[in-house]
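Chemist: I have a structure here, written as structure tokens, and I will follow up with some questions on it.
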Amino acid sequence: MNGAFYIGATGLRAQARALDLVANNIANLNTPGFKRATARFSEIVGAPGQVAAGAIDGGVAVDLTHHEFAQGELKTTGKPMDVAIDGPGFIELAGPDGELLLWRGGTLGVNADGQLTGAEGLPLRAMITAPVEARVIKINAEGVVTAAADETAAPVEIGRIELAQAKDLSSLTAIGGGLYRPAADGDVIAMTTGEEGAGRLVQGALEGSNVAMSDEMVTLMLMQRVYAANAQVLQAGDQLMAIANGLRR
């Protein structure tokens, strides 16, 4: 069988998967804190003897796990439970099984136990608990959280939100909802919020996505050209097979 069929098919399949990724980026253009994903292509190299065995001896593979963590635009909402990170770092959340999850910020909540929560209702790993009578919660740029019964009451410090950073951002796995899972807890470095090299917290704001429609449209056009080129490879292979079959007659 002509290897052009297999090689062209891997290219078409890779571009189709990458197209889904771009579509997801565009769909999340207005999702707070969303980080665009990019496709990484690599060559498939066959080992000696694979061709005779009918295996694919070339082509392209695609990795869809890479995310770009460039800063998104901060948008003021005026809502006290909205918090954004201006700069590098993530807020640590405790997963359902106690696992460490990273979050770029968003709308905070308070669960039944009074704990501050992040995405998917997961509690902050700092385990900050608001008093039952608290009606005003404030978070400063250094992550210090205070609570008060009302605007006239003296605020009481109830905890501090520290940021963390992954040693290798490419090792983070997106699990949806703006959450990322590090390869291991040891791959995360603690940071002091607001200090040099770390981001600061901005209350009453949300970070916009870092998706640029112009970039995604350019990527789509490139994919269209590459997809057409792979289709031509299949067409050329089909023509060669037709010629070969004609010679046999």
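The values are calculated or read from the model by the stated rules, or taken from the named source; none is laboratory data. Bear in mind the structure is a predicted one, so any value in this text is a computation, not a measurement. Quick reminder, even Gly has a Cβ in these numbers, built from the backbone with ideal geometry, and neighbours come from all protein chains shown.
Chemist: Being crowded, with 17+ Cβ neighbours inside 10 Å, modelled with pLDDT under 85 and part of a loop (DSSP other than H, G, I, E, B), is that true of even one residue in region 58-67? Outline the logic, then answer.
Modeler: Initial filter on region 58-67 (crowded, with 17+ Cβ neighbours inside 10 Å): 59-60, 62, 67.
With modelled with pLDDT under 85 added as a condition, the list becomes 59-60, 62.
From what's left, part of a loop (DSSP other than H, G, I, E, B): 59.
Among the residues of region 58-67, at least one is crowded, with 17+ Cβ neighbours inside 10 Å, modelled with pLDDT under 85 and part of a loop (DSSP other than H, G, I, E, B), which makes the answer yes.
Chemist: Just need a number here: residues in region 68-102 that are of a type in the set (A, V, I, L, M, F, W, C), farther than 15 Å from Asn210 by Cα and not in a loop (DSSP other than H, G, I, E, B).
Modeler: 8
Chemist: Assuming Glu73 fulfils every condition listed in (1) surrounded by 13 or more Cβ atoms within 10 Å (Cβ to Cβ); (2) modelled with pLDDT of 90 or more apart from one, which condition is it?
Modeler: Here Glu73 meets the rest and fails (1).
Chemist: Still on this structure, I have one more. Within region 104-119, does at least one residue satisfy the condition of being within 28 Å of Asn30 (Cβ to Cβ), touching a Lys or Arg at 6+ places or on another chain (Cβ under 6 Å) and either of a type in the set (Asp, Glu) or in a loop (DSSP other than H, G, I, E, B) (or both)?
Modeler: The answer is no; no qualifying residue exists.
Chemist: Does Leu222 fit the bill of being in a helix (DSSP H, G or I), surrounded by 15 or more Cβ atoms within 10 Å (Cβ to Cβ) and hydrophobic (A, V, I, L, M, F, W, C)?
Modeler: Criteria not met by Leu222.
Chemist: Next question, about the same structure. Exactly one condition in (1) in contact (Cβ under 8 Å) with a residue 40 or more places away in the chain; (2) surrounded by 12 or more Cβ atoms within 10 Å (Cβ to Cβ); (3) not basic (Lys, Arg) is false for Met213; which is it?
Modeler: (2)
The rows are residues; the columns are (1) of a type in the set (A, V, I, L, M, F, W, C); (2) crowded, with 19+ Cβ neighbours inside 10 Å; (3) under 13 Å from Leu100 (Cβ atoms); (4) free of Cβ contacts under 8 Å to residues at least 24 places away in the same chain.
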position: Thr173; (1), (2), (3), (4): no, no, yes, no
position: Gly177; (1), (2), (3), (4): no, no, no, no
position: Ala183; (1), (2), (3), (4): yes, no, yes, yes
position: Gly197; (1), (2), (3), (4): no, no, no, no
position: Arg200; (1), (2), (3), (4): no, no, no, no
position: Ala205; (1), (2), (3), (4): yes, yes, no, no
position: Gly208; (1), (2), (3), (4): no, no, no, no
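Chemist: Here is a further query. Give the residues of region 135-173 that are among the polar types (S, T, N, Q) and not in a strand (DSSP E or B), sorted by residue number. Before the answer, list the steps.
Modeler: Within region 135-173, the subset among the polar types (S, T, N, Q) is 140, 146, 152, 165, 170-171, 173.
Hits for region 135-173 are Asn140, Thr152, Ser170, Ser171.
Chemist: A further question on this structure: Going residue by residue through region 20-43, is there one that turns out to be among the aliphatic types (A, V, I, L, M) and modelled with pLDDT under 85?
Modeler: no
Chemist: Something else now. Residues that are assigned to a helix (DSSP H, G or I) and of a type in the set (Phe, Trp, Tyr): does region 174-182 have at least one?
Modeler: No - not one qualifying residue is present in region 174-182.
Chemist: Could you grab me the full set of residues in region 22-43 that are crowded, with 19+ Cβ neighbours inside 10 Å, assigned to a helix (DSSP H, G or I) and among the aliphatic types (A, V, I, L, M)?
Modeler: Selection gives Val22 alone.
Chemist: Among the residues of region 210-217, is there at least one that is of a type outside the set (A, V, I, L, M) and under 20 Å from Leu93 (Cβ atoms)?
Modeler: No: region 210-217 contains no residue that is of a type outside the set (A, V, I, L, M) and under 20 Å from Leu93 (Cβ atoms).
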